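Novice: Encoded as structure tokens, here's the structure I'll be asking about.
The values are calculated or read from the model by the stated rules, or taken from the named source; none is laboratory data. These figures come from a predicted structure and were not determined experimentally. Reconstructed Cβ throughout: ideal geometry from the backbone, glycine too, with neighbour counts over all protein chains shown.
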2 protein chains.
Amino acid sequence: MARPAPDSVTRVASIGAGPIGAGWSAHFLARGFDVTAYLHSLDELPAFKEILDTAWISLEALGLARGASRDRLTITGDLEQAVSQAQFVQESAPERLDLKQDLYEVLGETVPADVVISSSTSGLTMTEIQRRCSTPQRTLVGHPFNPPYLLPLVEIVGGRQTSAEALEWARDFYAHAGKAPLVMKKEIPGFVATRLQEALWREALHMVANGEASPEDIDTALINGPAPRMAIQGQCMAFHVACGEGGMATNLDQFGPALKLPWTRLDAPELTPELRDRMVDGCNEIAAGRHFEEMAAERDRAIVGVLKAVAAAKETRER
Amino acid sequence: MARPAPDSVTRVASIGAGPIGAGWSAHFLARGFDVTAYLHSLDELPAFKEILDTAWISLEALGLARGASRDRLTITGDLEQAVSQAQFVQESAPERLDLKQDLYEVLGETVPADVVISSSTSGLTMTEIQRRCSTPQRTLVGHPFNPPYLLPLVEIVGGRQTSAEALEWARDFYAHAGKAPLVMKKEIPGFVATRLQEALWREALHMVANGEASPEDIDTALINGPAPRMAIQGQCMAFHVACGEGGMATNLDQFGPALKLPWTRLDAPELTPELRDRMVDGCNEIAAGRHFEEMAAERDRAIVGVLKAVAAAKETRER
């Protein structure tokens, strides 16, 4: 079987019964795919079904794709059967390199030629995972964010032997499947989102270790400060829009020296003219000609909605 | 005038016409207070009114307090008149130490005795600002997050001469005024939220400088990954709940070694038994007996609402 067009895929295989594997199964079912789930042991079935039940509540609330149904799920303990008809494979096996290498040796032979195999790995690189695979050019990482059935991000990155075409195909397929794909420029540990989150997490641990804040302080600060805004504008655009007409250029030219202040334990990079321009150009590209007032108004509408949504979600608790 | 009970305050003064000062005026008006705004120059009036107009759209959407009205705003260019009847003063003057020290020298004499004076400063310490104030015990920092009329966080911290009573009063008053107050344990640069945000920001700049990601990649990753979840659970509780029954203890005991991986340029703190226990105890306190499944369900409801709210806010743009 040749690689189908990304938007013509109807059958996917999901390997793994944990929160990530079961979460992917739920996501693909909700988007209207036929899903074959491979469980390493059928003992995992109750836990798998429980995750699916939980996920389905939210997926229904978000809105299912036309024709989406849990009846389109096939569960099997036979790996070859799981993948033999698949047009795309999402692999979420345990995070052990030897185990994944063994698995990709098998998948390299059993998954139809050219069909993309995407790993949910968060800590391993595809260069390592694909080492013993006979068809490594179509293997890559498609790293989701937990819970994978709700958060749209998928970080895509290949290993040394992955083809550029496979990466492009994966980007288009994930977009077709309702995800927000991000194709990484380099194979770096932690991808983009986890690196950013990890920097924040380490600063938080330092603060708790030094008696500067409690875990509750950390969470209160995030929930009531940056988070509702970050759901509509990432850190780059939040600063760009906050600086009005001057945007990111004003932010860096005016507050650049503040980068050297001891406002975190992470050392600042050198603010070279090149870095400045990359930041400014990048923000202007995202803005795509929109005026900062328009973007600020959109931000405010979103924050109002986010605050209301969070309050509504808590209502059950407080009753 | 003695310090009134925090929940009996009806008249506040807001000093400053910039986005922060005007934003505070809008917030207090929406919560039903009489507000006197001090503008350093009446030339600032058009910009001040524009911010108020913009803020009011969102504040009405969120729901005004009973009796709230823009008619309850008085604008003046006379500082003494602005503060002489105030039961609380929020100061958002420009971020220059000499200017703030001069201002607090005047406010120390003109603001009624014991009435709390709270600074919006993000980069200066109250220990420095209050140095020439004759009544420093009632001066403190109440640092908002932009936009201050929408994001609930207020980080409260005193200077060396601030009284503990004033800090407690400010916490209670801000809570009464619809804010989420966080009283800081120490006077550290960047407070809690900005430190966390700054760690993330510096990692982002490093990634752009090294060609690992573009500003658009950074924002795509945040918006579609950690942000929608962080609006309901901060980083501590996100990890606590993601680890199921084992919670934060499992997170630290199992993934502790991963702290040493090069997943950010920020060095990890030593994961001492004491730090581990503080994190675990802190998360259990926030959970307050709730089962992780209940918290995961609340998280999922909130994320669904957040995603819908952000999509709705963008609808105008895409039409």
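Novice: So, in the stretch A:295-319, of the ones that are of a type in the set (Asp, Glu) and at the interface with another protein chain (Cβ under 8 Å from one of its Cβ atoms), which residue ends up farthest from B:Asp53 (Cα to Cα)?
Specialist: Once the filter is applied, the top-ranked residue is A:Glu298.
Novice: Mind checking which residues of the stretch B:46-98 are surrounded by 14 or more Cβ atoms within 10 Å (Cβ to Cβ), within 14 Å of another protein chain (Cβ to nearest Cβ), of a type outside the set (S, T, N, Q) and touching a residue at least 40 places away in the same chain (Cβ under 8 Å)?
Specialist: B:Ala55, B:Leu59, B:Leu62
Novice: Is it the case that some residue within the stretch B:106-118 is assigned to a strand (DSSP E or B), in the same structural domain as B:Pro144 (by TED's automatic domain parsing) and under 15 Å from B:Leu167 (Cα atoms)?
Specialist: yes
Novice: Quick one: A:His27 ticks every box in (1) touching a helix residue (DSSP H, G or I) at 6+ places or on another chain (Cβ under 8 Å); (2) free of Cβ contacts under 8 Å to residues at least 12 places away in the same chain bar one, so which box is it?
Specialist: The failed condition is (2).
Novice: A further question follows. Within the stretch A:171-180, identify whether any single residue is in contact with a helix residue (DSSP H, G or I) (Cβ under 8 Å, 6 or more places away or on another chain), closer than 30 Å to A:Val89 by Cα and at the interface with another protein chain (Cβ under 7 Å from one of its Cβ atoms), and answer yes or no.
Specialist: Checking the stretch A:171-180: at least one residue is in contact with a helix residue (DSSP H, G or I) (Cβ under 8 Å, 6 or more places away or on another chain), closer than 30 Å to A:Val89 by Cα and at the interface with another protein chain (Cβ under 7 Å from one of its Cβ atoms).
Novice: Still on this structure, I have one more. Spot the failing condition for A:Val141; the list is (1) within 30 Å of B:Arg299 (Cα to Cα); (2) in a loop (DSSP other than H, G, I, E, B), and only one is missed.
Specialist: Tallying (1) within 30 Å of B:Arg299 (Cα to Cα); (2) in a loop (DSSP other than H, G, I, E, B), A:Val141 fails exactly one: (2).
Novice: Could we say that A:Thr139 is surrounded by fewer than 19 Cβ atoms within 10 Å (Cβ to Cβ), at pLDDT 95 or above and touching a helix residue (DSSP H, G or I) at 6+ places or on another chain (Cβ under 6 Å) here?
Specialist: Here the answer is no, as A:Thr139 does not meet what is asked.
Novice: Filtering the stretch A:187-216 down to residues that are within 30 Å of A:Arg11 (Cα to Cα) and of a type outside the set (A, V, I, L, M, F, W, C), which residue is farthest from the other protein chains (Cβ to nearest Cβ)?
Specialist: In this case the residue turns out to be A:Glu187.
Novice: Give me the residue from the stretch B:264-279 that is touching a Leu at 6+ places or on another chain (Cβ under 7 Å) and more than 7 Å from every other protein chain (Cβ to nearest Cβ) and, out of that set, modelled with the lowest pLDDT.
Specialist: Per the criteria, the residue is B:Leu271.
Novice: Which of the residues that make up the stretch A:225-240 are more than 20 Å from the chain's Cα centre (by Cα) and crowded, with 24+ Cβ neighbours inside 10 Å?
Specialist: Answer for the stretch A:225-240, where residues must be more than 20 Å from the chain's Cα centre (by Cα) and crowded, with 24+ Cβ neighbours inside 10 Å: A:Gly225, A:His240.
Novice: Can you pull out the residues in the stretch A:3-24 that are part of a helix (DSSP H, G or I) and within 19 Å of A:Leu153 (Cα to Cα)?
Specialist: Within the stretch A:3-24, A:Pro6, A:Asp7, A:Pro19, A:Ile20, A:Gly21, A:Ala22, A:Gly23, A:Trp24 meet the criteria.
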